[in-house]
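Here is the structure we will look at.
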Amino acid sequence: MTNDEPHTSREPTAKSDGGATEQYIPLDAVPESAPRPDLDWGTRIAAAVPSMPRLLKYAIAIAVAVLWIVPFLGLFMASFRPLGEILAGWWHVEGMTITFENYRRAWSYQTAPMGRALFNTLVVTVPAVLVVMLLGAMAAYPFARFEFPLKTMLFFFILLVMAAPPELVAMGNYNTLREIGLFDSYMGLILVHIGWGLGWVVLFLRNYLLGIPEELEEAARIDGASRYQIFRTIILPLSTPALVSVAVIQFTWVWNAFFFPLVFMRSPELYLAPQVLPLMTGRIQVEWGLVAAGSVMTMAVPVFLFLMLERYYKQGMVAAVTD
Amino acid sequence: MTQVSMENVSKYFDDGETVANYRLNLEVEEGEFLVFLGPSGCGKTTALRLIAGLEEPSEGAIYFDGQRVDRWSPSDRNVAMVFQNYALYPHMSVAENVAYPLKIQGVPPDDRDQRIEEVLRFLHIEAQASKSPAELSGGQRQRVALARAIVREPSVFLLDEPLSNLDAKLRQEMRSELKRLQDELEITTIYVTHNQEEAMSMADRVVVMNRGTIRQIAPPEELYSRPRTEWVARFIGSPPMNLLRGTRQNGSIAFGEAGSVDIGETTVGGLETVPRGDVSLGVRPEDISIATERPASTTAIAGTVDTVEPLGEYTVVNVAVGDQIVNAKVPTTSVERDDPVYLTFDDADAYLYDENGELLT
């Protein structure tokens, strides 16, 4: 140490209130939250104003966000306005008329009523989602935990099928469904959706199940539970967040699917919502208002489901398992 | 009350590439508190899992009360186990966790509720019954895990490092509580730990393991006073026993420049029974005294102080003897680094180990 160093380091530093720093602080003098530094307004404003590069980043981010939201905004606006106003440009807000006429007409559109189409879609989507969840979990569990012959090979096959485009399987499925008499029936369409969804669901759930500590299952084995009891009372409840994710994603896919219904459904009265939308364009001129209202209605269902189930995502179950 | 025995039990993993346990032979008495002690990776947890039924032995046999059980499931053996991280079911409340084994067994709800209440009261966690495991402190989780294990009235109680996730103070508390629990319930208990203090304080007998094999089975006092091999001697005690390599010459052991030691009577008897050749002289740090002048007695080893560690309760002095370091545990000391000192000890406190590390008797 040099001679002048002790002078600066050992001298008790005087505070603004005049008190000297003490070595031992009484416990009840410790504040609940960090003390706020007393800054004048000038410094605070200077600290709050972002720098130029940061401002630029904000500008780009906001521009991208607006670009993303504009088509949706247009659709939403169009669904509530008469055709004349839409044709003049939905972005003209002055003198705007808000009407539910588009929704009312779309709901009971004569050649393809949206109300019936939405109901049909629900009839197909609900079983396709529930069965995929159950079968997916039952198939994923062995892949995550058991040792069996050809395990890696079988898993590779599942991944391989996932890589195929839906168009590739359309022809085969078309012929099969015709053969067994399920063509143009919801049962056939549901089966195709189940088979198509199972691949990613098994992959997704297997990865999740791998994260559940094996000790929990061992504890259950010690407690006397059978494999099936472990699956039902330990694995399934702990998989709730993953199963909810599967439900929401699979629901959105099946609900919005256009290609499979297009190929496998022929009777107009059995048409699903995504099939009905293009029929609303009318004969003489495109009824943009009807198309927009139908689109919003179709879209609303998965969005509503997502909002309903959102809290399950946030459940800290995984955290509770691992700590 | 169950008596457990293992006969030549070996366990191999990865198609025999890994030897986890090799020829374990062990008898656990009824109601005994047995502790597996060893460094990490010594196979003590695998041995416990073999007894639990979570692993099947590759060779050998396991008996519960004379019945061969090594193909039985854990529930058929009626074992209970507490895991290192407790393995509480996170989606169930405390009461549901404790109820789980009873539900599986099909115990009627009234009987079940009564037993749960009893066991929760016994472990002082009745106030937490409706909480989820995530809301509990480490010590409370530990108690829930214990409650889940004892509520079934198992025949064998297995614990896999149950205290390693607790802080030091809580560990001390739970140690005496576990001991009390075992005394009251009189269940045959097998406990795995790498902490020798835990092992020594709780065990009726300690099984010291290394590299998948049993090195010594003995009550704690005997383990301390008569370690069977050099390895065990080094493993038990803190700081561990000093082992000085030397050559036995007529009636004494020579340590090169540090001089030589005459030994009349060691703990193992007269030196005349000791064969000639290389031996290790073992002395526990607490049995060594430090003198600054050569004492009259001939059992003195010369060295220089390397470091002094004052620990409050006692002071550890590390003394360089030749190219080896000897620890001495003394109440207080005034020696400093590089002081020449003489180490003395009673003949009765010295152990001799042969070239293979076996205690000479």
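Would you check if there is a residue in region A:111-123 being in the same structural domain as A:PRO274 (by TED's automatic domain parsing), within 30 Å of A:LEU209 (Cβ to Cβ) and surrounded by 13 or more Cβ atoms within 10 Å (Cβ to Cβ)? I'd like the intermediate steps shown before the answer.
Step one: list which residues in region A:111-123 are in the same structural domain as A:PRO274 (by TED's automatic domain parsing), which gives A:111-123.
When the remaining residues are screened for being within 30 Å of A:LEU209 (Cβ to Cβ), the result is A:122.
If we keep only those that are surrounded by 13 or more Cβ atoms within 10 Å (Cβ to Cβ) too, we end up with A:122.
For region A:111-123, residues in the same structural domain as A:PRO274 (by TED's automatic domain parsing), within 30 Å of A:LEU209 (Cβ to Cβ) and surrounded by 13 or more Cβ atoms within 10 Å (Cβ to Cβ): present.
Mind listing just one residue for me: the one in region A:207-258 that is small (Gly, Ala, Ser) and under 13 Å from the mean Cα position of the chain (by Cα) and, of those, nearest to A:MET114 (Cα to Cα)?
Of everything passing the filter in region A:207-258, A:ALA247 is nearest to A:MET114 (Cα to Cα).
Regarding B:GLY303, is this residue part of a strand (DSSP E or B) and at pLDDT below 85?
Values: part of a strand (DSSP E or B): yes; at pLDDT below 85: no.
Answer is no for this residue.
Of all residues in region B:10-32, which are surrounded by fewer than 21 Cβ atoms within 10 Å (Cβ to Cβ) and within 16 Å of the chain's Cα centre (by Cα)?
Residues satisfying the conditions are B:LEU26, B:GLU32.
With the requirement that a residue be charged (D, E, K, R) and surrounded by fewer than 16 Cβ atoms within 10 Å (Cβ to Cβ), what does region B:158-189 give you? Even if it seems obvious, please write down each step before you answer.
First pass over region B:158-189, keeping only residues charged (D, E, K, R): B:160-161, B:167, B:169, B:171, B:173, B:175, B:177, B:179-180, B:183-184, B:186.
Scanning region B:158-189 gives B:ASP167, B:LYS169, B:GLU173, B:LYS179, B:ARG180, B:ASP183, B:GLU184, B:GLU186.
Suppose we keep only residues that are of a type in the set (A, V, I, L, M) and at the interface with chain A (Cβ under 7 Å from one of its Cβ atoms) within region B:75-86. Which one would you say is nearest to the chain's Cα centre (by Cα)?
Taking region B:75-86 first, the residues of a type in the set (A, V, I, L, M) are B:79-82.
In the following step, the residues that additionally are at the interface with chain A (Cβ under 7 Å from one of its Cβ atoms) were identified as B:79-81.
Working: B:VAL79: 22, B:ALA80: 21, B:MET81: 18 Å.
So, considering only residues that are of a type in the set (A, V, I, L, M) and at the interface with chain A (Cβ under 7 Å from one of its Cβ atoms), the one nearest to the chain's Cα centre (by Cα) is B:MET81.
State whether the residues of region B:53-74 include one that is in a helix (DSSP H, G or I), under 20 Å from B:THR2 (Cα atoms) and either free of Cβ contacts under 8 Å to residues at least 24 places away in the same chain or away from chain A (no Cβ under 14 Å) (or both).
Filtering region B:53-74 down to residues in a helix (DSSP H, G or I) leaves B:74.
From what is left, the residues that are under 20 Å from B:THR2 (Cα atoms) are B:74.
With either free of Cβ contacts under 8 Å to residues at least 24 places away in the same chain or away from chain A (no Cβ under 14 Å) (or both) added as a condition, the list becomes B:74.
Yes: one or more hits.
Are there any pairs with C-beta distances below 6 angstrom linking a residue in region A:200-226 that is facing chain B (nearest Cβ under 7 Å) and in contact (Cβ under 8 Å) with a residue 60 or more places away in the chain to a residue that is buried (at least 21 other Cβ atoms within 10 Å of the Cβ) and of a type in the set (Val, Ile, Thr), with the two at least 6 apart or on different chains, and if so which?
Close Cβ pairs satisfying both conditions: A:LEU216/A:ILE234.
Which residue out of B:TYR100, B:TYR89 is within 10 Å of chain A (Cβ to nearest Cβ), under 30 Å from the mean Cα position of the chain (by Cα) and closer than 18 Å to B:SER130 by Cα?
Working: B:TYR100 fails: under 30 Å from the mean Cα position of the chain (by Cα).
Selected residue: B:TYR89, the only one of B:TYR100, B:TYR89 that is within 10 Å of chain A (Cβ to nearest Cβ), under 30 Å from the mean Cα position of the chain (by Cα) and closer than 18 Å to B:SER130 by Cα.
Identify all residues within region B:287-300 that are touching a helix residue (DSSP H, G or I) at 6+ places or on another chain (Cβ under 9 Å) and modelled with pLDDT of 85 or more; write none if there are none.
At the first step, the residues of region B:287-300 found to be touching a helix residue (DSSP H, G or I) at 6+ places or on another chain (Cβ under 9 Å) are B:287-288, B:299.
If the condition is that a residue be touching a helix residue (DSSP H, G or I) at 6+ places or on another chain (Cβ under 9 Å) and modelled with pLDDT of 85 or more, then B:ASP287, B:ILE288 are the ones that fit.
How many of the residues making up region A:219-269 are hydroxyl-bearing (Ser, Thr, Tyr) and buried (at least 16 other Cβ atoms within 10 Å of the Cβ)?
Residues of region A:219-269 that are hydroxyl-bearing (Ser, Thr, Tyr), as a first pass: A:226, A:228, A:233, A:239-240, A:245, A:252, A:267.
Next, from what is left, pick out any that are buried (at least 16 other Cβ atoms within 10 Å of the Cβ): A:233, A:239, A:245, A:252.
Residues meeting the conditions: 4.
Output yes when any residue across region B:190-197 is under 30 Å from B:PRO109 (Cα atoms), modelled with pLDDT of 90 or more and surrounded by 15 or more Cβ atoms within 10 Å (Cβ to Cβ), and no when none is.
No.
The values are calculated or read from the model by the stated rules, or taken from the named source; none is laboratory data. Nothing here was measured: the structure is a model prediction, and the numbers come from that model. Cβ atoms come from the backbone with ideal geometry, glycine included; neighbour counts cover every protein chain shown.
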